1. Please find the FRET efficiency linking Met55 to Ala21, where r is the Cβ-Cβ separation and R0 is fixed at 30 Å, and quote it to the nearest 0.05.
2. Hey, which lysines would be in cross-link range of Lys58, C-alpha to C-alpha under 26 Å, not counting anything within fewer than 8 residues on its own chain?
3. Treat each spin label as a single point 7 Å out from the Cα along the C-beta direction, and report the Leu92 to Ser74 distance in nm.
4. Per residue, how much accessible area does region 69-128 have with a 1.4 Å probe, in Å²?
5. Using a cut-off of 15 Å between beta-carbons, work out the net charge of the residues near Ile60 (Lys and Arg +1, Asp and Glu -1, Ile60 not included).
6. Would you tally the net charge around Glu109, using a Cβ to Cβ cut-off of less than 14 Å, leaving Glu109 out, and scoring K and R as +1, D and E as -1?
7. I'd like the carbon and sulfur percentage of the solvent accessible area for region 33-99, probe radius 1.4 Å, heavy atoms only, ligands and nucleic acids excluded.
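The values are calculated or read from the model by the stated rules, or taken from the named source; none is laboratory data. Note that the structure is predicted; figures quoted are calculated from it, not measured. Neighbour counts run over all protein chains shown; Cβ positions are idealised from the backbone, glycine included. All accessible areas refer to the heavy atoms of the entire protein, side chains included, with ligands and DNA or RNA removed. Shrake-Rupley method; radii C 1.70, N 1.55, O 1.52, S 1.80 Å.
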Amino acid sequence: MILERVGASVFGLLTAATVVAPQPMVRHFLGYPFEVPSMIAALFAVAITRVIISMRAKSIPKPLDVAVLVLVLSSTAVVVIGSHASIIPAFLWGTGLAGLGEGILKIAEKFVAVGLEKVGIEVPKADTSDEAAIEAAMHTLDQVPD
């Protein structure tokens, strides 16, 4: 009986096959783990989306465009690391945040204002009376015949 087991295991008849699913490469940034393929997909999506936006809008100054690109790249990296996103959600995060561009600043401003209000610090509201006056003047100028 012992010889049969040894012989059977040598020929692989009694061994169990295990299937291991491939695992994505995981790296750490400042102690936070992230999946490398997801990060590459997200940052690639940001780069391509920002290139498309800057090609369409020729009036954006290059220094501003580069600053927005750096802001979006860092925001996307933080979101991908924080959410442990897989490859498709990471790609969509990159595309969406790149599309927002400077809008990320407005979102962050609202987030901070809500946080400050929760701890009892009042955030001064922007004075829109000048903007309304300017818009009214522009509307009046639009109605002046050429």
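1. 0.15
2. Lys106
3. 2.7
4. Per residue, region 69-128 has an accessible area of 69 Å².
5. +2
6. Charge balance near Glu109 sits at +1.
7. 80
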